[in-house]
Every structure is written in C-alpha cells, then in structure tokens.
1. When you scan the range 239-284, how many residues do you find that are at pLDDT 90 or above, among the basic types (Lys, Arg) and surrounded by fewer than 22 Cβ atoms within 10 Å (Cβ to Cβ)?
2. Somewhere in the range 182-190, is a residue among the hydrophobic types (A, V, I, L, M, F, W, C) and either more than 19 Å from residue 261 (Cα to Cα) or within 18 Å of the chain's Cα centre (by Cα) (or both)?
3. Kindly evaluate residue 195 against the criterion of being of a type outside the set (Gly, Ala, Ser), open to solvent by less than 10 Å² (accessible area, probe 1.4 Å), assigned to a helix (DSSP H, G or I) and in contact with a strand residue (DSSP E or B) (Cβ under 7 Å, 6 or more places away or on another chain).
4. Restricting attention to the range 209-225, which residues are in a strand (DSSP E or B), open to solvent by 20 Å² or more (accessible area, probe 1.4 Å) and among the β-branched types (Val, Ile, Thr)?
5. If you go through the range 111-124 one residue at a time, do you hit one that is open to solvent by less than 60 Å² (accessible area, probe 1.4 Å), over 21 Å from residue 334 (Cβ atoms) and in contact with a Lys or Arg (Cβ under 9 Å, 6 or more places away or on another chain)?
6. For the range 159-189, name all the residues that are assigned to a loop (DSSP other than H, G, I, E, B) and in contact (Cβ under 8 Å) with a residue 40 or more places away in the chain.
7. When you scan the range 58-72, do you find a residue that is under 23 Å from residue 273 (Cα atoms) and hydroxyl-bearing (Ser, Thr, Tyr), even just one?
8. For the range 297-338, enumerate the residues that are crowded, with 21+ Cβ neighbours inside 10 Å, modelled with pLDDT of 80 or more and not in a helix (DSSP H, G or I).
Amino acid sequence: VLDEAQNIKNASTKVFRAVKALRAPFRLALSGTPIENSTGELWALFDVLNPGLLGTKESFASRFARPIEKHADADAAKRLRALIFPFILRRKKEMVAKDLPDKEEIVVYCEMEPTQRKIYEAFRKQCRAKVEKVIADKGKERGAIEIFEALLKLRQIALFPALASKQFAGVPSCKFDLLSEMLDDILVEDHKALVFSQFVQSLAFIEKLVKERKVPYSYIDGSTKNRKKEIDAFQSDPARKVFLLSLKAGGVGINLTAADYVILFDPWWNPAAEAQAVDRSHRIGQTRKVTAYRLIVKDSIEEKILALQEKKRALVSELITEEASFFKSLSGRDIVGLFD
C-alpha cells in the first residue's frame, strides 16, 4: 500500500525502481495529486499498479501524453480516461468529510507603484526580446532554462524588486504593503493565518515584518530541522497567530487546523500545489470557515499565470483530477505572451 504515491511519479528514480521491484499479490496507491506536472506521472503510477495497462513509456507518450499535452486532443484524453477509469476510486474531500465548514477562495489584486512598475516594464521588454530569440534559435524545450530564468526575474520584481537585484533594495512592494494590511485585519480579530510563498527570500521579508509587530509565529522551509515542534506550537499555543511556510516544505502532509485564514503570497505554476497548501487548514478537525486569499499583482506575469492555468489545465483535469500544471502544453506563442 503506497501512501502519497505521487512520490513514485518519476520512472527514472531509484525509489520508483525499488517500489516496482516489490512482490505483492495486490497493490494499492493513495494520492491527492496523481497528476502534478504531466500525464507521464500517471503512466509511472500504473506501471507499478498494473504493468502493461498503458503500454510502454514510449508508446504512452506517442498515443496519449503528446496528443493531450501539446495538441489538447480530446479523443486521446477520452481513450485514456476509459482505460484508467475501472482502476480508480476517486473520493473528494466533500464526499468523505461532509461536516467540514465552508471554504472561500478570493483573488485580491494590487497595483504597482510608479517606481516598481517602471522597473517591471524595463525588464519585461528586455526579457520578451530575449525569450523570442531563444525560442526562434533553440525551441522552447532546449531553451527552457533561459525561459524560466526570464519568467523568474519578472515574478521576483512583482513580489520584491530587491529579489531581482540588490540595487532595488529601497523600492517598495505593492504586494508586501497589501499583506501587511491584511495581517493587521486578521490579527486584530484574533484569527490565525498561514502565509505561503515558494520563495524563501520572500518569507524572510515577511518574517522581519512579523518580528517587528512582535507577533509570535511559526516557520517552516526546507532547512527547518524540527518541523513537529513548529507545527505543535502553532496548533496548541493561542498566542502564535502566524505560520510562515515555503511551498515545498509546508504544502503537503501536515495539519494546521488552528488557522482559518490562508494567504498564498505568490501564484504557482501548478494549481495542485495551491490547492494542497489551502487544504493544510481546510481538513478534518477544522471547525471554522476557511478563507484563502491569492495575492496577485495586476498587469504582471502573475495575472497571466492565472489566466493560463485556467486555459491549459482543463483537458488534463478531465482524466482524473482537477489540478494539473501546464507548462509543457504551452506553445511558443503562449510563452511569449507571458511577456506582453
């Protein structure tokens, strides 16, 4: 029995090979995110559970993965869904935890001040020209690292310009100002909040703010040694009002039902990760309504990420889950459009 079975999603890893080598008369896999990045992860799961059902890795790629991810082929998706349907028991949280309180998800927008916007626009034009050339010269696959570097730079400027360059250390962040106001409102009403970011540098800025306000808090990122201590203190100590978490370290596998507010400081390519983060609070044991805020900088790369998530995840989501990331299915035109 495999729990958190998405950990064998990569068929080239040692953990996949080790699990596949185990001998058992019956195999069961449990996962909240069986498709996180691509349909190839589904092949890996089924190659362990039911070898041969989806063919070889190469035949799966040609029959299903490429048509679905690159060409939004509805017929290929339908055929794949028919193959896997008899072997999947899907249970959404609402079906098994009917007493859970409501959950509300709200997108909150903010606008860059003139200085931040000027920096953003300058980098946007520079990055757009660079990415167009990379795609023309190398194609999006071979140029993926350079494309992601350009995207990262724009995302950093939208968050804290100082993340992109030390020369912008004094430039204000519209999103940070918004977060500061939101935390004030949440804390004055005696609520607890989880604040997620995938950038540890962003968490450092937020941690400084919380310390300045003298608000007791918990903190987890990839370097945290004693996660349990931080979690238990937040859950049991009424004075600990804020929990700062990195996506990778705190997005799965922990219960934080003491919080009834969740703030996603930056959007992530994979909407499954966002859903997992929100569900640290909205799970069995929660007695209050949970409110989740997604903070988005208007007229920036963040707004375009949201739009592309909706556009590109729809087809893959029909296969098994409601979340799937989408970068591999983007065309060169889609990518360049991120820099418009």
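The values are calculated or read from the model by the stated rules, or taken from the named source; none is laboratory data. Being a predicted model, the structure only gives us computed values, none of them experimental. No Cβ is skipped: glycine too gets one built from the backbone with ideal geometry, and neighbour counts run over all protein chains shown. Please note that ligands, DNA and RNA were not included when accessible areas were found on the heavy atoms of the full protein model with its side chains. Shrake-Rupley method; radii C 1.70, N 1.55, O 1.52, S 1.80 Å.
1. Count: 1.
2. Within the range 182-190 (the criterion being among the hydrophobic types (A, V, I, L, M, F, W, C) and either more than 19 Å from residue 261 (Cα to Cα) or within 18 Å of the chain's Cα centre (by Cα) (or both)), the answer is no, since none of the residues qualifies.
3. It is false that residue 195 is of a type outside the set (Gly, Ala, Ser), open to solvent by less than 10 Å² (accessible area, probe 1.4 Å), assigned to a helix (DSSP H, G or I) and in contact with a strand residue (DSSP E or B) (Cβ under 7 Å, 6 or more places away or on another chain).
4. Those that are in a strand (DSSP E or B), open to solvent by 20 Å² or more (accessible area, probe 1.4 Å) and among the β-branched types (Val, Ile, Thr): none in the range 209-225.
5. Scanning the range 111-124 turns up at least one residue that is open to solvent by less than 60 Å² (accessible area, probe 1.4 Å), over 21 Å from residue 334 (Cβ atoms) and in contact with a Lys or Arg (Cβ under 9 Å, 6 or more places away or on another chain).
6. Those that are assigned to a loop (DSSP other than H, G, I, E, B) and in contact (Cβ under 8 Å) with a residue 40 or more places away in the chain: 160, 171, 172, 173.
7. No - not one qualifying residue is present in the range 58-72.
8. Correct list: 297, 300.
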